[in-house]
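The values are calculated or read from the model by the stated rules, or taken from the named source; none is laboratory data. Bear in mind the structure is a predicted one, so any value in this text is a computation, not a measurement. Because the Cβ atoms are built from the backbone with ideal geometry, glycine has one as well, and the counts that use them run over all protein chains shown.
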Amino acid sequence: MKMLALEKAVPGVADDRLTSDLLQSEARKAWQLHMSGVIREMYFSADKHEAVLVLESNTVEDAQWSLSELPLVRAGLIAFDVVPLTPYDGFARLFRS
């Protein structure tokens, strides 16, 4: 099932806690999740530079567990809202008799 993961700010986290070593570890783990098929697409929002991820996971809980493996999440520096997605079925309205 496709999931949308939207990064959300963690109150009180200062930017100086995001060290280059931690950010490199984050990129490495994101790459591993991408290569394993969990993270399908990765973006940053243009306005806030927050992560927007498209995941493939069986359940919301599985997606949250995968995200909890990211170093920035483990350190409590970022968090995610996970939204399960279903295919758009609105086009069916165009073909009803």
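With the requirement that a residue be of a type in the set (F, W, Y) and in contact with a helix residue (DSSP H, G or I) (Cβ under 8 Å, 6 or more places away or on another chain), what does segment 78-92 give you? Don't jump to the end; show me each part of the working.
From segment 78-92, those of a type in the set (F, W, Y) are 80, 88, 91; that's our starting set.
Result: F80, single match.
When L33, L4 are checked against the criterion of being surrounded by 15 or more Cβ atoms within 10 Å (Cβ to Cβ) and touching a Leu at 6+ places or on another chain (Cβ under 7 Å), L4 stands alone in meeting it. Number of residues in segment 70-97 that are touching an Asp or Glu at 6+ places or on another chain (Cβ under 6 Å) and of a type in the set (V, I, T) equals 1.
If you check R93, R40, which single one turns out to be basic (K, R) and either at pLDDT 95 or above or touching a Leu at 6+ places or on another chain (Cβ under 6 Å) (or both)? Explain how you work it out, then say what you get.
Numbers: R93 fails: either at pLDDT 95 or above or touching a Leu at 6+ places or on another chain (Cβ under 6 Å) (or both).
Every option except R40 fails the conditions.
Residues that are among the hydrophobic types (A, V, I, L, M, F, W, C) and in contact with a strand residue (DSSP E or B) (Cβ under 9 Å, 6 or more places away or on another chain) within segment 32-54 comprise L33, V38, I39, M42, F44, A51, V52, L53, V54, listed in sequence order.
Per the conditions (1) exposed (fewer than 15 other Cβ atoms within 10 Å of the Cβ); (2) free of Cβ contacts under 8 Å to residues at least 12 places away in the same chain; (3) under 14 Å from V82 (Cβ atoms), the sole criterion not satisfied by N58 is (2). Scanning segment 1-22 for residues that are in contact with a helix residue (DSSP H, G or I) (Cβ under 8 Å, 6 or more places away or on another chain) and either closer than 19 Å to A75 by Cβ or β-branched (V, I, T) (or both) yields a total of 3. Against the criterion of being crowded, with 18+ Cβ neighbours inside 10 Å and at pLDDT 95 or above, A63 qualifies.
Residues that are buried (at least 21 other Cβ atoms within 10 Å of the Cβ) and not aliphatic (A, V, I, L, M) within segment 66-81 comprise S66, F80, listed in sequence order.
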